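**Student:** Handing you this structure, nothing more for now.
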Amino acid sequence: MSKDYYKILGVDKNASEEEIKKAFRKLAHQHHPDKAGGDEAKFKEINEAYQVLGDKDKRAQYDQYGQTFEQAQNGGGGGFSGFEGFSGFGQGQGGAEFDFGDIFSDFFGGGGRQQRQKRGRDIEVDATIDFVESITGTEKHIELSKNTTCDVCSGSGADPSGKMKTCPTCHGRGQVEQIRNTILGAIRTASTCPECKGEGQIPEKKCSKCHGAGVVKETEKIKVKIPAGIPDKGTIRVSGKGEAVKGGASGDLYINIHIRKDSRFSRENYDIKTQKRINLTQAILGDKVEVETPTGNIKLKIPEGTQSGKEFRLKGKGIPHLRGFGKGDLIVKVVVKIPENLSGKQKRLIKELGEEGL
């Protein structure tokens, strides 16, 4: 009976090699007979389809003969043998190449690939600062309750007065091996030794503080420098200040910065925006006014005839660039305050000015 290999893998006929490989990987994970709920017959069918579609020449032959492909190959046109022995899944064997390491690691304890170096968990926290602090930079103290390296045994888990000895379970290799009989035949797998956790050694006498764990739960205060110019929702990474782990590197600390809003200022990229209210006389005749900035007051010259809403850009008075490329600008928007409740005399003077075309 002919089979539709594309349908078996759930891909269309125009699928790329990568799409076919991904489809096979997903189905192999799902149906492997050594996995809970696995289906040996389905797994064999999936493998058979991938042997053909995962090989460029065999796929071309399959596409040419269509649904008569099986008959064509069995009649001598193809010369390869379906599922038997998983032909084509190892390197250097004439079929489609695929790395089973990732699949095996899911149900054989991680023996498919070389074990990665241990690393502690990263920690993510939030910190809130004022708008002015984001412009000038500041320091914050972060208090964390986390696993830290034991200060008695320096993370070894052994009592300082004792020694380390070779692990009797793995004999110093850090891994234990076992042989499993599968549909692939006898497979040797390796997993991290449960006794020494992959270190190959265990203490003769465990540390009295951490009881051999190498880490203890403690509260640590960390001083963090927040750079000038950091934006809202910016993140600072502090290397090695995350969770500690025995026999490996500590994780990192990630601090998400939140900036409180300031009614006086707003930020646009590296520019600071603010407003300055002036009276009608200042707008008409001009003046020098004092403008508040996050780092102190400065003088701003208002020319004669300044219109309400006019913006003045003061170069280099804005936010420092994080990479040290100077500063943004300070943009001051002038708002002319129209007087209210004028006296009779004031009204007459303004009326006279209006009659003169002012």
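The values are calculated or read from the model by the stated rules, or taken from the named source; none is laboratory data. The model shown is predicted, which means the values in this text are computed figures rather than measured ones. Reconstructed Cβ throughout: ideal geometry from the backbone, glycine too, with neighbour counts over all protein chains shown.
**Student:** Limited to the stretch 124-161, what total is found for residues that are in a loop (DSSP other than H, G, I, E, B) and surrounded by fewer than 20 Cβ atoms within 10 Å (Cβ to Cβ)?
**Tutor:** Qualifying residue count for the region: 8.
**Student:** Any idea which residue in the stretch 2-35 is modelled with the lowest pLDDT, counting only those that are touching a helix residue (DSSP H, G or I) at 6+ places or on another chain (Cβ under 6 Å) and of a type in the set (G, A, S)?
**Tutor:** Applying the filter and picking the extreme gives S2.
**Student:** Might you check whether a residue that is hydroxyl-bearing (S, T, Y) and in contact with a Ser or Thr (Cβ under 6 Å, 6 or more places away or on another chain) occurs anywhere in the stretch 213-223?
**Tutor:** yes
**Student:** Pick from the stretch 6-42 the residues that are among the acidic types (D, E) and touching a residue at least 40 places away in the same chain (Cβ under 8 Å): which of them is surrounded by the most Cβ atoms within 10 Å (Cβ to Cβ)?
**Tutor:** Top of the filtered list is D34.
**Student:** Does at least one position in the stretch 138-145 carry a residue that is touching a residue at least 60 places away in the same chain (Cβ under 8 Å), closer than 25 Å to R121 by Cβ and either assigned by TED's automatic domain parsing to the domain that holds F43 or of a type in the set (G, A, S) (or both)?
**Tutor:** yes
**Student:** Would you please list the contacts, defined by Cβ atoms under 7 Å and residues six or more apart or on different chains, that run from a residue in the stretch 162-178 that is without any contact (Cβ under 8 Å) to a residue 24 or more places away in the chain to a residue that is part of a loop (DSSP other than H, G, I, E, B) and not polar (S, T, N, Q)?
**Tutor:** Final answer for the pair search is V176/C170; V176/C193.
**Student:** Moving to a separate point now. Just for strands (runs of 3 or more DSSP E) wholly inside the stretch 173-261: which have at least 2 residues that are at pLDDT 90 or above?
**Tutor:** Here the list reads 215-226, 235-238, 253-259.
**Student:** Follow-up question, since we're still on this one. Just checking, does the stretch 290-313 include any residue being aromatic (F, W, Y) and either touching a residue at least 24 places away in the same chain (Cβ under 8 Å) or touching a helix residue (DSSP H, G or I) at 6+ places or on another chain (Cβ under 9 Å) (or both)?
**Tutor:** Within the stretch 290-313 (the criterion being aromatic (F, W, Y) and either touching a residue at least 24 places away in the same chain (Cβ under 8 Å) or touching a helix residue (DSSP H, G or I) at 6+ places or on another chain (Cβ under 9 Å) (or both)), the answer is no, since none of the residues qualifies.
**Student:** Just wondering, is there one or more residues in the stretch 268-285 that are touching a helix residue (DSSP H, G or I) at 6+ places or on another chain (Cβ under 9 Å), within 27 Å of I226 (Cα to Cα), touching a residue at least 40 places away in the same chain (Cβ under 8 Å) and in a loop (DSSP other than H, G, I, E, B)?
**Tutor:** no
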